[in-house]
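What follows is a set of notes on a single structure, which appears directly below.
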Amino acid sequence: MLGLDRATFADGPETVELSKPPPPPPLSPSLFNRLIHLDTAVSLHLYTLTQPILPYYLLKTLELSGDGRFFFPLTLSVLLSPLSTTHSTFLLNLLLGLILDLLLIGLLKHLIRRLRPVYNKNIFHTFSVDHWSFPSGHSSRVFFIATFIFFYSKFIEEVLIQLRVDQGDGYFSNGWMSTRWLLCDDEVKMANYVLSISGFWAASTSVSRVLLGRV
């Protein structure tokens, strides 16, 4: 009787018919799963669309420019050099921020565990959490640096003013990098140029993570 849709039982003079309960409706995908599918589809579409257009070396250069293996040794080297005697606080805060960013992103990657796309190629994993794609360490790092430059823009102006005082009309003693060569006539404009370039670099590097198939 287990294979029948309807079973008949005799109970004295009456006959009782029992029907099998209908199967439960299929579970609809959760909102979280829908977002994952949408994110995967959009990333793949952008990756496929831009592959024939943007040169690989350009995207790879942006990736290397935001790599922690570049920024950590550079920041630490400048901090330990004689050049940092008057700017040690700036460099120390930058280094501590980079370390905090690395620890936080590593923890989030370990908790979220979003896999990298299957078409992700030619990537070097420094730590085990680098197998996970979200949140992007490169994107977090470059936006931290751009934000750091924004909050220290006044300090950058003061450094440029001090360079002008120390070296005369040029920013360096040989005069090859002068204010005319940089197309700006004061330190405020120069600081604004640095801020604009850092913001554009951060946005471009973040977008390149998707176009390279990293996230």
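Some points to look at:
- Odd one out for VAL42 among (1) surrounded by 10 or more Cβ atoms within 10 Å (Cβ to Cβ); (2) at pLDDT below 55; (3) not acidic (Asp, Glu): (2)
- Out of LEU27, LEU18, one residue alone is touching a Lys or Arg at 6+ places or on another chain (Cβ under 8 Å), at pLDDT below 60 and among the hydrophobic types (A, V, I, L, M, F, W, C). It is LEU18.
Per-residue answers, yes or no, for (1) under 15 Å from LEU212 (Cα atoms); (2) open to solvent by 50 Å² or more (accessible area, probe 1.4 Å):
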{"site": "HIS37", "(1), (2)": "no, yes"}
{"site": "GLN51", "(1), (2)": "yes, yes"}
{"site": "LEU58", "(1), (2)": "yes, yes"}
{"site": "PHE70", "(1), (2)": "no, yes"}
{"site": "THR75", "(1), (2)": "no, no"}
{"site": "LEU79", "(1), (2)": "no, no"}
{"site": "PRO82", "(1), (2)": "no, yes"}
{"site": "LEU92", "(1), (2)": "no, yes"}
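- If the condition is being more than 24 Å from VAL159 (Cβ to Cβ) and in a helix (DSSP H, G or I), then region 194-214 contributes ALA203, SER204, THR205, SER206, VAL207, SER208, ARG209, VAL210, LEU211.
- Verdict on GLY106 being open to solvent by less than 60 Å² (accessible area, probe 1.4 Å), in contact with a helix residue (DSSP H, G or I) (Cβ under 8 Å, 6 or more places away or on another chain), farther than 20 Å from TYR152 by Cβ and among the small types (Gly, Ala, Ser): yes
- Of all residue pairs spaced 6 or more apart or on separate chains, those with beta-carbon atoms under 8 Å, a first member in region 201-215 that is open to solvent by less than 10 Å² (accessible area, probe 1.4 Å) and a second member that is among the aromatic types (Phe, Trp, Tyr) and modelled with pLDDT of 85 or more are ALA202/PHE143.
- Residue selection: SER196 satisfies the criterion of being modelled with pLDDT of 50 or more and loosely packed, with under 15 Cβ neighbours inside 10 Å.
A quick yes/no check of all residues on (1) touching a Gly at 6+ places or on another chain (Cβ under 9 Å); (2) buried (at least 16 other Cβ atoms within 10 Å of the Cβ); (3) part of a helix (DSSP H, G or I); (4) modelled with pLDDT under 70:
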{"position": "LEU111", "(1), (2), (3), (4)": "no, no, yes, no"}
{"position": "TYR119", "(1), (2), (3), (4)": "yes, no, no, no"}
{"position": "VAL129", "(1), (2), (3), (4)": "yes, yes, yes, no"}
{"position": "SER139", "(1), (2), (3), (4)": "yes, yes, yes, no"}
{"position": "ILE145", "(1), (2), (3), (4)": "yes, yes, yes, no"}
{"position": "PHE155", "(1), (2), (3), (4)": "no, no, yes, no"}
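The values are calculated or read from the model by the stated rules, or taken from the named source; none is laboratory data. In this text the structure is predicted, and so the values were computed from the model without any measurement. Backbone-built Cβ (ideal geometry, glycine too); neighbour counts: all protein chains shown. Each accessible area value is taken on the protein alone, full model and side chains, heavy atoms only, with ligands, DNA and RNA left out. Shrake-Rupley method; radii C 1.70, N 1.55, O 1.52, S 1.80 Å.
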